[in-house]
Amino acid sequence: MSCCALSVSLTGLALLLPPTTLAALADSWLHEDCPSLNYAALVTGTAPSQAALWAKSPGVLAGRPFFDAIFAQVNCQVSWFLPEGSKLVPVAKVAEVRGPAHCLLLGERVALNMLARCSGVASSAAAVVAAARGTGWAGHVAGTRKTTPGFRLVEKYGLLVGGAAPHRYDLGGLVMVKDNHVVAAGGVKKAVQGARRAANFALKVEVECSSLQEALEAAEAGADLILLDNFRPEARGQWRLYLTAQPQSISATRKF
């Protein structure tokens, strides 16, 4: 994860998720789990049924919009007893789901897998944010693009619920220059200049640096953000103050 100055409010986070996107994701997950015949449906039948969702471990509840979308796809209704972002204290009743037995069971495992993943990300993010605050860090904690394939939106959303920032969602969010880009371009300056031309005025350019010399060279070449890669906290603090005092308008973050 990396630290950056970005503020996100927990209120109304579900509004960030377009209904069509939620429906498409839910449909793809359900199709993955049952792409053909559902033989178990013949066992359970269509009788009206009800299931309860219990929290058996401490953490942060996250993923309600995705959970709702999954069960909406299979004609079931969800009633929640706890709001998004709640600190879970086991054992707590979180929600109830009602619908035809075969539909409820069709969505059960997919919904639980998603909710566990999203809540896990939110719980970890909240713990890291709390740890950062404990050291006196006044900035924000942000995630990276190292997400589970097919679950990026869920995991980025989980970061937000946990109090962290999502950083860039994909390659189009900003232009990040990493060590391999520097090698391919023939140096920090050339890499940053190429990224600056590609970004034009619409995107920021962030450069991953492993030394103060690289950071200064990147700043002079036009970088907007400097990522201090694998620095010790004390060194990161000193270099961040030095970099932000330079004439160029840049921000320094730390990857760890």
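The values are calculated or read from the model by the stated rules, or taken from the named source; none is laboratory data. Predicted model only: the values in this text are computed from it and were never measured. Here the Cβ is made from the backbone with ideal geometry for all residues, glycine too, and neighbour counts use every protein chain on show. Surface accessibility is based on the protein's heavy atoms, side chains included, excluding ligands, DNA and RNA. Shrake-Rupley method; radii C 1.70, N 1.55, O 1.52, S 1.80 Å.
Of everything listed in (1) open to solvent by less than 30 Å² (accessible area, probe 1.4 Å); (2) not in a loop (DSSP other than H, G, I, E, B), the single unmet condition for Leu216 is (1). Looking across Gly45, Gly143, one residue alone is on the phi > 0 side of the Ramachandran plot and touching a His at 6+ places or on another chain (Cβ under 9 Å). It is Gly45. Note on the stretch 125-169: residues that are among the aliphatic types (A, V, I, L, M), open to solvent by less than 40 Å² (accessible area, probe 1.4 Å) and part of a loop (DSSP other than H, G, I, E, B) total 1. Checked against the criterion of being among the hydroxyl-bearing types (Ser, Thr, Tyr) and more than 23 Å from the chain's Cα centre (by Cα), the candidates Ser79, Ser86, Ser123 yield just one match: Ser79. Considering each of Ala202, Ala191, Ala195, Ala184 in turn, give the residue that is assigned to a loop (DSSP other than H, G, I, E, B) and among the small types (Gly, Ala, Ser). Of Ala202, Ala191, Ala195, Ala184, the one residue that is assigned to a loop (DSSP other than H, G, I, E, B) and among the small types (Gly, Ala, Ser) is Ala202. Residue count for the stretch 60-77, restricted to those that are in a strand (DSSP E or B) and over 15 Å from Met114 (Cα atoms): 1. Among residues of the stretch 84-124 being out of contact with any helix residue (DSSP H, G or I) (no Cβ under 8 Å at 6 or more places or on another chain) and in a loop (DSSP other than H, G, I, E, B), the one that is surrounded by the most Cβ atoms within 10 Å (Cβ to Cβ) is Ser86.
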